[in-house]
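The values are calculated or read from the model by the stated rules, or taken from the named source; none is laboratory data. Bear in mind the structure is a predicted one, so any value in this text is a computation, not a measurement. For neighbour counting, all protein chains shown are included, and Cβ atoms are generated from backbone atoms with ideal geometry for every residue, glycine included.
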Amino acid sequence: MGLKIYIDFDGTITLKDVSDYLFSQLSGRRSEVFVKEYLAGKIGARECFLGECQASGAVQIESVEKIVDRQEIDPTFKDFVEFCESHGIPVYVLSDGFEYYIRRILERHGLTRVKFISNQLVFQPVDGTGVFTLLPVFPYKDSECDCCANCKRNHLLTLSSENDIIVYVGDGYSDRCPSRYADIVFAKGNLIRYCREGSISFFEYRTFEDVIERLEKIVTQKRIRKRWQAELRRREAFLQG
């Protein structure tokens, strides 16, 4: 029985929510109304992203690159990846953000080996102008739920075996659902409140150094066991599927 770790990207690996910041900068903050409606439960994730892209209008690729290249990651994340590799622990990044900037940021930090699953962002050329409009594409949407555009729960269930101890690391809105199916949850930001209100046991963290420290204790002391509520939810999901 071993660990399998799933991690959010925006605001967890990165210091900012790259998606929200990118669209806010491109749209002159006009996109922020869609984020507020999404967080208030008035619209779904896909509708939010479509609105943000439309609010951004026509953009230059160079402008997008400059914004993305200013984004920083948790300086201890690379140490975390190396810790997991040294212990043979599989790591997957599950993001409700976009492949375009995730790949670019990971490449900049020498972390192309980290596997990730996300939405996609298509740059559509505006004929003869040298600028582009943005189109979000959602290859991993759930047909029955619009809470997230990229269903993290489905990936977690598909990639995990019955014997895996599932670890989830996150910070925000799109991490609420997968945290209910994880045996060990590391939470910061808004996810802390959600876990407390939902009686989901969790470890609070600030950086991946905190996650390493806790996982090291779990691995060395062999204090690995499943959370029965999470295991029950996973079984129910498989039966319904």
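Only residues that are β-branched (Val, Ile, Thr), in contact (Cβ under 8 Å) with a residue 24 or more places away in the chain and either more than 19 Å from Thr12 (Cα to Cα) or part of a loop (DSSP other than H, G, I, E, B) (or both): list them for the stretch 151-174, please.
Across the stretch 151-174, the qualifying residue is only Ile165.
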Task: Pick from the stretch 180-201, criterion out of contact with any Lys or Arg (no Cβ under 8 Å at 6 or more places or on another chain) and assigned to a loop (DSSP other than H, G, I, E, B), ranking: farthest from Leu39 (Cα to Cα) - done: Ser199
Task: Only listed residue being of a type in the set (Lys, Arg), without any contact (Cβ under 8 Å) to a residue 40 or more places away in the chain and assigned to a loop (DSSP other than H, G, I, E, B), chosen from Lys42, Lys66, Lys36 - done: Lys42
- [ ] Scan (1) buried (at least 21 other Cβ atoms within 10 Å of the Cβ); (2) outside any helix (DSSP H, G or I); (3) of a type outside the set (Val, Ile, Thr) for the single condition Leu215 breaks and write down its number.
- [x] (2)
- [ ] State which residue is nearest to Gly189 (Cα to Cα) when the search covers only the stretch 10-31 and only residues that are in contact with a Gly (Cβ under 8 Å, 6 or more places away or on another chain) and free of Cβ contacts under 8 Å to residues at least 40 places away in the same chain.
- [x] Ser31
TODO: Residues being modelled with pLDDT under 95, touching a helix residue (DSSP H, G or I) at 6+ places or on another chain (Cβ under 8 Å) and not hydroxyl-bearing (Ser, Thr, Tyr): count how many of those fall in the stretch 160-174.
DONE: 1
Open item on the list: With more than 21 Å from Asp74 (Cα to Cα), in a loop (DSSP other than H, G, I, E, B) and touching a helix residue (DSSP H, G or I) at 6+ places or on another chain (Cβ under 6 Å) as the only criterion, which of Cys148, Cys177 stands out?
Closed with: Cys148
Open item on the list: List pairs: first residue in the stretch 218-239 and in contact (Cβ under 8 Å) with a residue 12 or more places away in the chain and farther than 15 Å from Val167 by Cβ, second residue surrounded by 14 or more Cβ atoms within 10 Å (Cβ to Cβ) and of a type outside the set (A, V, I, L, M, F, W, C) anywhere in the structure, Cβ distance under 7 angstrom, at least six positions apart or on different chains.
Closed with: Arg233/Arg180; Arg233/Tyr181
TODO: Exactly one condition in (1) modelled with pLDDT under 95; (2) within 28 Å of Pro75 (Cβ to Cβ) is not met by Asp127; state its number.
DONE: (2)
